[in-house]
Amino acid sequence: MFSPFTSGSVHGRIRYRMERTGEGVCAPKGFSATGVACGLKAHGRRDLALIVSKRESSAAALFTTNLVCGAPISVSRQHITGGVARAIVVNAGCANACTGARGVADAERMCSLVASGLNCPPQQVLVASTGVIGRPLPMDRIERGIEAALAEVSKDGGAAAADAIITTDTFPKTVKRVLSVGGHTVTIGGMAKGAGMIAPRLATMLAFITTDALLAPEDARALLRNAAETSFNRLTIDGDTSTSDMLALLANGESGAPALKPGTDDYARFAEQLTDACRELAKMIARDGEGATKFITVHVSGAPSNEDAHLAARTVAESPLVKTAFFGGDPNWGRIAAALGRSGVFFDPGRLTIRVDDLLLFENGMPAAFPLAAAEEKFREKVIAIHADLGNGKGEAEVYTCDLSYEYVRINAEYTT
């Protein structure tokens, strides 16, 4: 079930207070974490997080497909090839992207410092950074932060870690799932950050999933990729793919449950819970999009294939005209039809049907008869579902997004100043 939210405006932006979902990345056995302040964010806010597994974990990760990627992405791509990790270190406030050889050396230094504290090889540490592009890391601060994090890491540090990785987010994002495997309790925990520059190819934003399930590295990779496909890869805020996107999974086997094997019922149930956890985090990000006042789900059915449905839904979700119409509560449903028509997916407009929530707006090539006041009310809701049936197949997909507000422009016009 998706965690409940309470809404309220902050400078015109909808803000959601998440009910406690557990300990996030510390929920599974054998994981500890912390978040500390090392001076990258203003006002003494936490800006460096550390996640540690008690023992070697099977590790998998997906990364941004942006060719201009951060140095931590390059380093973590190399480290993940071994399929084993002990820790993840993350800083917010500086993306360490477009920083050349120095940036790579700094990312490697972060891994080495953590590895030294844990007495493990640097290749067993993943590193991630988020923040402004083109600025080198202040390594003197980072080094002090890592030293403090190694001293403070604990089983109770999940909330602090989730807080440390956020940037323009209005709330930390954590999740927890529990299932039984072979008479043992298996737990999945996770945290994520993201509010802008969100448009995934393989992954999106920063997200870290931990579990005490026992998995082979190749199975962890398959499970993570499949989970991302219908969760983080169905999320878009503004159509911009970040230089720093990273999604990682660590599985340490501390639950004592038998190894999860493909083709078994336990594996299938774990896959379902992992995907559900990822989907909840993705929805949190959409709800917390920069300047967002509304959470919007775009559901397309009747497409020639699921891939076509995804393309059509994403085109609607990323349309500035659609997003601004919902921000203003303007029932201009023609913008939805136009976005579908330019998506590159073939369909007959004479068979197209469009609804917003349960209100029929367009059917079989003609406007439906609906009260304008009812449409205005639907477009003003804080949680909105767009349903489009293309009438040309069995493909369907959902994409999660938000509206486009004045506040989004302000946040991004002033991001570095």
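Observations on the model:
- Residue selected from region 220-262 under the condition in contact with a helix residue (DSSP H, G or I) (Cβ under 7 Å, 6 or more places away or on another chain) and surrounded by fewer than 17 Cβ atoms within 10 Å (Cβ to Cβ), by the criterion nearest to Ala312 (Cα to Cα): Asn226
- Checked against (1) surrounded by 22 or more Cβ atoms within 10 Å (Cβ to Cβ); (2) modelled with pLDDT of 95 or more; (3) of a type outside the set (A, V, I, L, M, F, W, C), Thr64 passes all but a single condition, namely (2).
- Any hit, region 258-265, residues being small (Gly, Ala, Ser) and either in a helix (DSSP H, G or I) or in contact (Cβ under 8 Å) with a residue 12 or more places away in the chain (or both): yes
- Residues of region 56-79 satisfying the condition of being under 23 Å from Thr210 (Cα atoms) and among the hydrophobic types (A, V, I, L, M, F, W, C): Ala59, Ala60, Ala61, Leu62, Phe63, Ile73, Val75
- Total residues in region 151-166 satisfying the condition of being assigned to a loop (DSSP other than H, G, I, E, B) and either over 12 Å from Arg46 (Cβ atoms) or open to solvent by 30 Å² or more (accessible area, probe 1.4 Å) (or both): the figure is 3.
- For region 183-219, a residue qualifies if it is modelled with pLDDT under 95 and either open to solvent by 20 Å² or more (accessible area, probe 1.4 Å) or of a type in the set (Lys, Arg) (or both), and the qualifying residues are Lys193, Met197, Arg201, Leu202.
- Residue match in region 73-91 (condition: part of a loop (DSSP other than H, G, I, E, B), touching a residue at least 24 places away in the same chain (Cβ under 8 Å), crowded, with 22+ Cβ neighbours inside 10 Å and of a type outside the set (Ser, Thr, Tyr)): no
- Residues satisfying the stated conditions in region 390-416, i.e. farther than 30 Å from Gly194 by Cα and open to solvent by 40 Å² or more (accessible area, probe 1.4 Å): Asn392, Gly393, Lys394
- Cβ-Cβ distances below 9 Å connect the following pairs, each with a first residue in region 272-292 that is over 20 Å from Thr324 (Cα atoms) and open to solvent by 10 Å² or more (accessible area, probe 1.4 Å), a second residue that is hydrophobic (A, V, I, L, M, F, W, C) and part of a helix (DSSP H, G or I), and a separation of six or more residues or different chains: Thr275/Leu223; Thr275/Ala227; Thr275/Ala228; Asp276/Ala227; Arg279/Ala227; Arg279/Phe232.
- Failed criterion for Ile386 (all others in (1) modelled with pLDDT of 95 or more; (2) part of a helix (DSSP H, G or I); (3) crowded, with 22+ Cβ neighbours inside 10 Å hold): (2)
- Test: Phe362 is in contact with a strand residue (DSSP E or B) (Cβ under 8 Å, 6 or more places away or on another chain), buried (at least 18 other Cβ atoms within 10 Å of the Cβ) and touching a residue at least 24 places away in the same chain (Cβ under 8 Å): yes
- Pairs meeting the criteria (first residue in region 297-317 and without any contact (Cβ under 8 Å) to a residue 60 or more places away in the chain, second residue not in a helix (DSSP H, G or I), beta carbons under 7 Å, at least 6 apart or on different chains) are Leu311/Ser343; Leu311/Gly344; Leu311/Val345; Thr315/Arg342; Thr315/Ser343.
- Lone unmet requirement of (1) touching a strand residue (DSSP E or B) at 6+ places or on another chain (Cβ under 7 Å); (2) modelled with pLDDT of 95 or more for Ser74: (1)
- Residue list for region 282-293, restricted to those being farther than 13 Å from Thr236 by Cα and at pLDDT 90 or above: none
- Scanning region 125-139 for residues that are surrounded by 17 or more Cβ atoms within 10 Å (Cβ to Cβ), in a strand (DSSP E or B) and of a type outside the set (Ser, Thr, Tyr) yields Val125, Leu126, Val127, Ala128, Gly131.
The values are calculated or read from the model by the stated rules, or taken from the named source; none is laboratory data. What you see is a predicted model; the values in this text were computed from it and never measured. Note that each Cβ is placed from the backbone with ideal geometry, even for glycine, and that neighbours are counted across all protein chains shown. All accessible areas refer to the heavy atoms of the entire protein, side chains included, with ligands and DNA or RNA removed. Shrake-Rupley method; radii C 1.70, N 1.55, O 1.52, S 1.80 Å.
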